[in-house]
Amino acid sequence: MAQHPVQPTTPAPASGDRSVPAPDATAPSPSRDDPHRARPGHAAPAPAAVFDWIDRRTELRRRAGLTRHLRPRPADEPVLDLAGNDYLGLVRHPRVVRAATEAVARWGGGATGSRLVTGTTQLHQELEEELADFCGFEAALVFSSGYAANLAALTALTGPGTLIVFDAYNHASLVDGCRLSRAKVTQVPHREPDAVRTALTGHGGGRALVVTDSVFSVDGDAAPLTELAQACRAHGAALLVDDAHGLGVVGDGGSGALSAAGLAGSPDVVATVTLSKSLGSQGGAVLGPRRVIRHLTETARTFIFDTGLAPASVGAALGALRLLREEPERAARAREVARRLSTGLAAAGLDASVPDAAVVSVRAPSPEAAVTWARACREAGVAVGCFRPPSTPDRHSRLRLTARGDLTDDQIEQAVTVVARCAPRSGTDT
């Protein structure tokens with residue numbers, strides 16, 4: 001896959017459903033009609049013209065087939081949902097819903113403040129202790145989102161003089177964490193440990209942090225964690241792994257990619273996770289050595305200055321985690337469903353990714369074709385994700401299917417049949 005040229009200290013556009021470009025390829029450069037372009041002797045734009053530049057950007061996105069819309073869904077939408085991230089099918093599980101409602105009844109609708117003030121409940125502590133134990137780490141710290149957890153880890157564990165070695169396909173939250181860190185960032189090609197070794201060898205000493213997703217969110221391919229850890233240890237670097245798409249799917253009983261690689265609990269390894277995918281809730285967490293978690297508690301701005309995760313989300317995540325511990329076969333089932341989706345789509349002649357976890361993507365010929373394809377699938381009863389630039393690292397548009405562990409054999413067949421039948425037959429990627 002093609003790499004994006006970037007400045008040496010700037011990470012590339014990231015992969016995943018929250019990624020952003022750097023810079024925006026669809027954005028116009030300053031021109032004569034830009035009201036904010038410096039024009040000596042000219043009056044400032046009128047109030048009504050201050051945001052005219054937005055209209056020009058909007059038109060450029062429209063021409064590139066990159067217009068995006070919010071689509072509120074009803075609670076009882078009659079489609080097979082393969083667009084969300086409910087990997088284990090726990091969002092509506094009765095025990096998870098009951099755990100959320102019980103938490104609301106006991107603790108109220110909100111956390112009431114920062115975690116360091118009034119926003120930490122006994123329920124937060126229970127979740128952190130059980131999550132760390134399940135994933136094999138000394139300690140955990142819960143945040144209001146996985147995005148906030150990644151920003152916290154990157155900004156609190158780095159700074160001026162630190163080298164961050166960054167996979168080109170990492171998630172947008174990691175990209176933004178790098179931008180805020182004030183560290184030197186060296187981007188390396190996707191899943192290439194030798195490039196990581198080279199980057200670390202060229203570092204003149206001091207702190208270094210290698211950053212990677214465990215499972216990349218566009219194509220579902222896995223990072224070579226063992227090789228990355230070896231590279232880190234050869235140069236005294238730490239390893240930070242975003243395990244958002246590994247928790248609940250990869251490892252023994254869904255304990256995560258770091259557990260599967262034998263790296264969980266290592267003194268030089270930190271993980272971030274989200275509670276909004278396999279655990280069917282909302283929020284995020286950082287897991288690692290106890291002293292790292294203590295450091296984040298005292299220094300991470302997205303922890304100190306953010307309201308604590310709402311009790312309902314804490315309760316739901318804790319209920320889902322306990323359910324997964326009782327039913328570890330759910331993780332293996334999610335991986336099996338992904339393999340069957342990939343095999344079926346490939347057999348139908350589509351360019352489907354080979355999944356390492358629960359994400360399956362199918363290449364589309366263009367952004368416009370991807371939108372049309374996804375719409376046709378939904379009209380046929382199957383909701384799928386539609387990923388277009390800048391949300392794809394290689395500029396190729398895709399459909400993305402989430403392999404849920406609760407899908408039946410008939411639903412797997414339905415999904416393959418619908419996606420194949422609705423596929424575009426011609427065109428080239430723009």
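The values are calculated or read from the model by the stated rules, or taken from the named source; none is laboratory data. All values reported here derive from a predicted model rather than from experimental measurement. All Cβ positions, even for glycine, are placed from backbone atoms using ideal geometry, and neighbour counts span all protein chains on display. Surface areas here come from the heavy atoms of the whole protein model, side chains and all, with no ligands, DNA or RNA. Shrake-Rupley method; radii C 1.70, N 1.55, O 1.52, S 1.80 Å.
For the reader, a short list of remarks on this structure follows.
- Filter result for VAL382 (open to solvent by 60 Å² or more (accessible area, probe 1.4 Å), touching a helix residue (DSSP H, G or I) at 6+ places or on another chain (Cβ under 9 Å) and of a type in the set (Val, Ile, Thr)): no
- Flag for GLY159 being in a helix (DSSP H, G or I) and open to solvent by less than 10 Å² (accessible area, probe 1.4 Å): no
- Every residue from the range 400-414 that is of a type in the set (A, V, I, L, M) and outside any loop (DSSP other than H, G, I, E, B): LEU401, ILE412
- Residue within the range 290-299 that is of a type in the set (A, V, I, L, M) and outside any helix (DSSP H, G or I) present: no
- Only helices (runs of 4 or more DSSP H) whose full extent lies in the range 300-392 are considered here, and the ones with at least 1 residues that are without any contact (Cβ under 8 Å) to a residue 40 or more places away in the chain are 311-326, 329-347, 367-379.
- Entry remark, the range 76-90: residues being open to solvent by 30 Å² or more (accessible area, probe 1.4 Å) and closer than 7 Å to ALA383 by Cα number 3 in total.
- Residues that are among the basic types (Lys, Arg) and either open to solvent by 60 Å² or more (accessible area, probe 1.4 Å) or not in a loop (DSSP other than H, G, I, E, B) (or both), drawn from the range 91-115: ARG92, ARG95, ARG98, ARG106
- Qualifying residue in the range 189-198 (condition: more than 24 Å from ARG400 (Cα to Cα), touching a strand residue (DSSP E or B) at 6+ places or on another chain (Cβ under 7 Å) and not aromatic (Phe, Trp, Tyr)): yes
- Residue check, GLY119 among the small types (Gly, Ala, Ser) and more than 30 Å from ALA380 (Cβ to Cβ): yes
- Of the residues making up the range 142-153, those that are in contact with a Leu (Cβ under 7 Å, 6 or more places away or on another chain) and either open to solvent by 10 Å² or more (accessible area, probe 1.4 Å) or assigned to a helix (DSSP H, G or I) (or both) are SER144, ASN150, LEU151, ALA152, ALA153.
- Selected residue (criterion: farthest from PRO389 (Cα to Cα)) from residues of the range 191-210 that are crowded, with 22+ Cβ neighbours inside 10 Å and within 20 Å of the chain's Cα centre (by Cα): LEU209
- Residue check for VAL188: open to solvent by less than 20 Å² (accessible area, probe 1.4 Å), of a type outside the set (Ser, Thr, Tyr) and free of Cβ contacts under 8 Å to residues at least 24 places away in the same chain: yes
- Flag for THR10 being part of a loop (DSSP other than H, G, I, E, B) and at pLDDT below 60: yes
- Residues of the range 229-252 that are farther than 25 Å from LEU88 by Cβ, outside any loop (DSSP other than H, G, I, E, B), touching an Asp or Glu at 6+ places or on another chain (Cβ under 9 Å) and without any contact (Cβ under 8 Å) to a residue 60 or more places away in the chain: ALA229, ALA231, CYS232, ARG233, LEU239.
- Out of ALA338, ALA352, ALA332, sole residue that is closer than 20 Å to HIS245 by Cβ, open to solvent by 10 Å² or more (accessible area, probe 1.4 Å) and touching a strand residue (DSSP E or B) at 6+ places or on another chain (Cβ under 7 Å): ALA352
- Any pair with Cβ under 6 angstrom, 6 or more apart, that starts in the range 253-270 at a residue that is surrounded by 19 or more Cβ atoms within 10 Å (Cβ to Cβ) and ends at one that is at pLDDT 95 or above and hydroxyl-bearing (Ser, Thr, Tyr): ALA257/SER214; ALA261/THR226
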